[in-house]
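Asks: Right, I'll just put the structure down here and ask away after.
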Amino acid sequence: MTHVEQSERIVPLAEQRRRHLPWTAAFGWLGAGWRDLLNRPGPSLAYGVAVFLVSLVIVWGLFAFGLDYILFPALAGFMVMGPLIAIGLYAKSQAIEAGRPFSLSSMLFVKAKAGGQVLFIGVILTLLMLLWMRAAVIVYALFFGLRPFPGLDHVAQMLFTTPTGWAMLLVGSVVGGLFAAFSFAISTFSVPMLLDQDVDAFTAMGTSISMVFRNLPVMIAWGVIVLVLSLLGVVTGLLGLIVVFPLLGHATWHSYKAIK
């Protein structure tokens, strides 16, 4: 065994996860995702339409049943579930990379190498989303008591023109930021990994955390891109999700492949 081979064998696994990518590499992932979106865009856009319609029904349901007070936590929770919902988009990008045919059917009925572990991580992410939403309600109650939610028409004035509102925004932002960072770390690479490799959900989540925190500059840039584009999708009345969601889904696959 040569000295070079010995050096390669003793490189710690943690260091193998460090890619030393510049933060600008995140824009390269976005460009690769755009190319995949334009490669027979019909299935990807249909996927985006489905996400838009389901999101619209959920928002309508919140208002119809008087649950509008959890609208903003629900929108934030959507970002927790996003990596799981996008698994069909990862499958398309994987097929393009391998030169295999793909269709909307193959994107909707994905055969992941990890099998049922995908469902297991789905349960974990769902519980995390529900916990996030409950935490948001508790933060509101801590600052405003058990008074009824004033409705979206009055909430902005309450939050931005009173000291109590400012304090709630500060604490809520810190709590939400912690939830966001944790959910991003455990999910951004774990779901693509479950599609690509036969591993269990806990291994995938642990590896995802390692990959994120050992490549922080580029992953922070990627997180900001995801946040900005997701907000763009929301402020357009959710219509922007038709394009934004498939774009981010395809790009996430390329982020996984770049740091894998």
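The values are calculated or read from the model by the stated rules, or taken from the named source; none is laboratory data. As the structure is a prediction and not an experimental result, all values here were calculated from the model. With ideal geometry, Cβ positions are generated from the backbone for all residues, glycine too; neighbour counts draw on all protein chains shown.
Asks: If N215 passes every condition in (1) within 16 Å of I87 (Cα to Cα); (2) in contact with a Leu (Cβ under 8 Å, 6 or more places away or on another chain) but one, which one does it miss?
Replies: Failing condition for N215: (1).
Asks: Still on this model: Return a yes/no flag: does the range 119-141 have any residue that is part of a helix (DSSP H, G or I), within 20 Å of F245 (Cα to Cα) and touching an Asp or Glu at 6+ places or on another chain (Cβ under 8 Å).
Replies: no
Asks: Follow-up. Restricting to the range 64-109, and then to whatever is part of a helix (DSSP H, G or I) and of a type in the set (D, E, K, R), can you tell me which residue is farthest from G145 (Cα to Cα)?
Replies: The qualifying residue farthest from G145 (Cα to Cα) is E97.
Asks: Which fully enclosed helices (runs of 4 or more DSSP H) of the range 148-252 have 2 or more residues being surrounded by fewer than 19 Cβ atoms within 10 Å (Cβ to Cβ) and either of a type outside the set (F, W, Y) or in contact with a Gly (Cβ under 9 Å, 6 or more places away or on another chain) (or both)?
Replies: Values: elements: 152-160, 163-187, 190-196, 201-213, 216-235.
In the range 148-252, the matching helices (runs of 4 or more DSSP H) lie at 152-160, 163-187, 201-213, 216-235.
Asks: Now for a separate question. Counting just the residues of the range 29-63 that are in a helix (DSSP H, G or I) and among the charged types (D, E, K, R), which one comes out surrounded by the most Cβ atoms within 10 Å (Cβ to Cβ)?
Replies: D36
Asks: Does A112 qualify as being outside any helix (DSSP H, G or I) and aliphatic (A, V, I, L, M)?
Replies: The answer is yes for A112.
Asks: Tell me, yes or no, whether the range 217-225 has at least one residue that is in contact (Cβ under 8 Å) with a residue 40 or more places away in the chain, among the hydrophobic types (A, V, I, L, M, F, W, C), more than 24 Å from P22 (Cα to Cα) and out of contact with any strand residue (DSSP E or B) (no Cβ under 7 Å at 6 or more places or on another chain).
Replies: There is no residue in the range 217-225 that is in contact (Cβ under 8 Å) with a residue 40 or more places away in the chain, among the hydrophobic types (A, V, I, L, M, F, W, C), more than 24 Å from P22 (Cα to Cα) and out of contact with any strand residue (DSSP E or B) (no Cβ under 7 Å at 6 or more places or on another chain).
Asks: Shifting gears a bit: Out of F144, F109, which single residue is surrounded by fewer than 18 Cβ atoms within 10 Å (Cβ to Cβ), modelled with pLDDT under 85 and either farther than 30 Å from A46 by Cβ or not hydroxyl-bearing (S, T, Y) (or both)? Don't jump to the end; show me each part of the working.
Replies: On the way: F109 fails: modelled with pLDDT under 85.
Going through F144, F109 in turn, the sole match is F144.
Asks: Let me ask something else. Does S208 qualify as being within 17 Å of I87 (Cβ to Cβ) and not aromatic (F, W, Y)?
Replies: Values: within 17 Å of I87 (Cβ to Cβ): yes; not aromatic (F, W, Y): yes.
For S208, the condition - within 17 Å of I87 (Cβ to Cβ) and not aromatic (F, W, Y) - is met.
Asks: Taking I225 as the residue in question, decide whether it is farther than 18 Å from I87 by Cβ and not hydroxyl-bearing (S, T, Y).
Replies: When the stated conditions are applied, I225 passes them.
Asks: While we're on this one: Looking only at the range 162-220, count every residue that is over 23 Å from F78 (Cα atoms) and at pLDDT below 90 and tell me the total.
Replies: Count: 6.
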